[in-house]
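Chemist: My questions will all concern the structure given below.
The values are calculated or read from the model by the stated rules, or taken from the named source; none is laboratory data. Keep in mind it's a predicted model, so treat the numbers as computed, not measured. Ideal geometry is used to build each Cβ from the backbone, glycine not excepted, and the neighbour counts take in all protein chains shown. Quick note on the areas: whole protein, heavy atoms, side chains included, nothing else; ligands and nucleic acids left out. Shrake-Rupley method; radii C 1.70, N 1.55, O 1.52, S 1.80 Å.
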Amino acid sequence: MAAAQALPDGWTVAVPDSDDVAELTDLLRRHEHAARGWASASRADVRMEVAPGNPSTRRNLMARDPDGVVRGWGSAHDRAAGRLLLVVVVDPELSEDVADRVADALFGWGQEVAVEVGGDRGMAVQQLDSGAFAADRRQHRWLERHGFTKARTWWQMSRPVTPEEADLPAGTRAGVRIRLVARRDEGAPDEDDLRTIHDILETSFADHFNSHEETFDEFVSRLREDPGHRWDHWWIAELVDERDPVPAGALVGSVSAGTPGSPNGSYVEYIGVLQNARGRGVATSLLRTVIADAAQRHRDRVGLEVDADSPTKAEALYTAMGWRTVYVTESWHRNVRVPSTPGEQS
């Protein structure tokens, strides 16, 4: 394997499994603490990456030093046609020269995966989508060295929730109704409602940055893998001033695990409003609903991510409703040409 050849003498690579979750979590938490100032990764987060329900969409490689300690980890997720998410984590305790070689090996592995996945999907070009904390100069240096360019900045925002906000749905705008996805007798969600949410999100994000079409099956499968997934955190917004309710927006939420001894939070995975329904309070109504739901569940916060360059200026709404930026992340992209014949250089 080319990655192993790029590592220092005595190092080895292997595909991790569930037995490696604890050690990988420790590595990721060391990285987060060094790059952001605090750690938040959990074993559940890592387990989703290395032992997912749909292993065909995720690939992983870890690097061990001569003492057998995991010092590097690469994770590649076939997110949608033409878009491969790549995460490279290198132990901050390594010396600079050794860390550079580990990073080179894992980024090189990521390119190999991109070519293979792109070929399987019949793509001429495969996008590698990686990222970094805004203050992580070490990661920036590696990304630049491997041909990535900074593409976007993201504000990671959080809003405190108080018990008194449990009745916020009473403030839903006139003409807008928010409801959970319907459930069948056995508790499974109604597929028509799930398809409605998928259609709303695909349509509302079609003109947004780096939008790649994701099939319904890919969308549902990916979100179900998230350890914070709950069907009772999926809402549909409908306009009800017409004869029949008309779907206008959707919000997919999840559970955000708290630190030991602290409450869980809620997280907005997606919120989308159809173009012809914007300006009617749909987004505000959805956000009021998720805040109230968090309060009813005795949670203390609601988090979300917003594109700092969003053409919808969504951050103005979030700020007005009490959200504040906690930290900043970046997206870095590289387009990898997929050779038309085996062995051709990409």
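Chemist: So what is the diffusion coefficient of region 1-45 in µm² per second by Stokes-Einstein at 37 °C and 0.692 mPa s, using a Kirkwood Rh over Cα pairs?
Modeler: Translational D for this selection: 269 µm²/s.
Chemist: Using only the Cα atoms of region 181-233, what are the Rg and Dmax in Å?
Modeler: Reported Rg and Dmax, both Å: 12.2, 39.
Chemist: Shifting gears a bit: Output the relative contact order of the chain, whole-number percent, from Cα pairs under 8 angstrom with separation of 6+ residues.
Modeler: That works out to 22 percent.
Chemist: Another one. Once the other residues with Cβ under 15 Å from the Cβ of Ala39 are scored (Lys, Arg +1; Asp, Glu -1), what is the net sum?
Modeler: It works out to a net charge of -3.
Chemist: What are the ³J(HN,Hα) values, in whole Hz, obtained from phi via the Karplus relation 6.51 cos²θ - 1.76 cosθ + 1.60 with θ = phi - 60°, for each residue of region 316-324 in sequence order, with x given for Gly and Pro?
Modeler: Listing the rounded values in order: 5, 5, 4, 5, 4, 8, x, 7, 9 Hz.
Chemist: So for region 265-346, what percent of the C-alpha to C-alpha distances run longer than 21 Å?
Modeler: 46
Chemist: Identify, among Val70, Val87, Val102, the residue whose Cα sits farthest towards the positive end of the charge dipole of region 55-108, taking +1 on the Cβ of Lys and Arg and -1 on the Cβ of Asp and Glu, with the dipole about the Cα centre.
Modeler: Going by the Cα projections, it comes out as Val87.
Chemist: Taking the Cβ of Trp11 as the center, what net charge do the other residues with Cβ under 11 Å away carry, scoring Lys and Arg +1 and Asp and Glu -1?
Modeler: 0
Chemist: Pop out the ³J(HN,Hα) list for region 14-20 in order, Karplus 6.51 cos²θ - 1.76 cosθ + 1.60 with θ = phi - 60°, rounded to Hz; leave Gly and Pro as x.
Modeler: Going residue by residue, I get 7, 7, x, 9, 4, 5, 9 Hz, with x marking Gly and Pro.
Chemist: Hey, what's the Cα Rg ratio for region 12-96 versus the globular rule of thumb, 2.2 N^0.38 Å?
Modeler: Dividing the Cα Rg of region 12-96 by 2.2 N^0.38 Å gives 1.08.
Chemist: Quick one: which of 228-239, 315-326 comes out on top by average Cβ neighbours within 10 Å, and what's the full order, highest first?
Modeler: Output ranking for 228-239, 315-326: 228-239, 315-326.
Chemist: Right, another one. Pop out the carbon and sulfur fraction of the accessible area of region 256-340 as a percent, whole number, probe 1.4 Å.
Modeler: Whole-percent figure for carbon plus sulfur exposure: 48.
Chemist: For Thr259 paired with Asp217, estimate the spin-label separation in nm (one decimal), with each label point 7 Å from Cα along the Cα-to-Cβ line.
Modeler: 4.3
Chemist: While we're on this one: Tell me, what is the per residue accessible area of the chain in Å², probe radius 1.4 Å?
Modeler: Here the per-residue accessible area is 47 Å².
Chemist: Would you mind estimating how fast region 109-251 diffuses translationally, via Stokes-Einstein at 25 °C and 0.890 mPa s with the Kirkwood radius over Cα pairs, in µm²/s?
Modeler: For these conditions, the coefficient is 128 µm²/s.
Chemist: May I pose another question? Could you compute the net charge surrounding Ser310? Neighbours are other residues with a C-beta less than 12 Å from the C-beta of Ser310; K and R count +1, D and E count -1.
Modeler: Around Ser310, the charge tally is -3.
Chemist: What fraction of the Cα pairs in the chain, stated in percent, has a spacing above 29 angstrom?
Modeler: Percentage above 29 Å: 43.
Chemist: Show me 297-305, 284-292, 157-165 ranked by packing, highest mean number of other Cβ atoms within 10 Å first.
Modeler: With the highest mean Cβ count within 10 Å placed first, the list reads 284-292, 297-305, 157-165.
Chemist: Still on this structure, I have one more. Taking the radius of gyration and the Kirkwood hydrodynamic radius from Cα positions alone, what is the Rg/Rh ratio for region 1-151, to two decimal places?
Modeler: 0.94
Chemist: OK, next. Highest mean first, how do 69-75, 182-188 rank when packing is the count of other Cβ atoms within 10 Å averaged over residues?
Modeler: 69-75, 182-188
Chemist: What distance in nm separates the simple spin-label points at Asp241 and Gln296, each placed 7 Å from Cα in the Cβ direction?
Modeler: With each label placed 7 Å out from Cα toward Cβ, I get 2.6 nm.
Chemist: Within region 224-254, whose backbone N sits under 16 Å from a point 7 Å along Cα→Cβ of Arg179?
Modeler: The answer is 232-251.
Chemist: Compute the projected area of the convex hull of the Cα atoms of region 199-346, averaged over all viewing directions, and report it in nm² to one decimal place.
Modeler: Value for region 199-346: 12.6 nm².
Chemist: When only alpha-carbon atoms count, how far does region 107-182 stretch along each of its three principal axes, as whole angstroms with the largest first?
Modeler: 53, 35, 19
Chemist: Moving on. How far apart, in nanometres, would the label points at Glu202 and Ser56 be if each is projected 7 angstrom from Cα along the Cα-to-Cβ direction?
Modeler: 1.8
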